[in-house]
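Reviewing the structure listed below.
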Amino acid sequence: MKPSKRHGKQKPRTFNHTVQTRPAENPKRDDFLAGIIGQFIERRKELGLSQEEVDGRMGTADRLCSKWECGQRQPTSFNFFCWAQALDARLVLVSGPDKRG
């Protein structure tokens, strides 16, 4: 550090960093996503594919499949579509139990 002209020594800089965290997620949503991602993991293992091979089939960045599987990142709906195609699968909407009464 260069000395300042006034005091002979420069004061060290201080930084006030604040870390922004995501707001608490909805636990039901997290469970839902974990269930879907669990099915993708199961399918990948059935096919005997590595995460790197799935990345290659999707044409995505290295380790993206790993990040989705471990929950470090969340795939978009389009990512889910591409992921299913890479696993020779398709996304299907299945009706649940009737909750009207």
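Rule-based calculations on the coordinates, nothing more; no lab input. Only a predicted model underlies this, so the values are computations on that prediction, with no experimental measurement involved. Cβ sites come from the backbone with ideal geometry, for glycine too, and all protein chains shown count toward neighbours.
In table form, for the structure just shown:
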| read-out | value |
| --- | --- |
| Selection from region 71-101 of residues that are surrounded by 12 or more Cβ atoms within 10 Å (Cβ to Cβ) and either out of contact with any helix residue (DSSP H, G or I) (no Cβ under 7 Å at 6 or more places or on another chain) or among the aromatic types (Phe, Trp, Tyr) (or both) | Asn79, Phe80, Phe81, Trp83, Ala84, Gln85 |
| Subset of region 54-99 (residues that are in contact (Cβ under 8 Å) with a residue 12 or more places away in the chain, part of a helix (DSSP H, G or I) and among the basic types (Lys, Arg)) | Arg57 |
| Residue match in region 63-84 (condition: over 16 Å from Leu33 (Cα atoms), among the β-branched types (Val, Ile, Thr) and out of contact with any Lys or Arg (no Cβ under 8 Å at 6 or more places or on another chain)) | no |
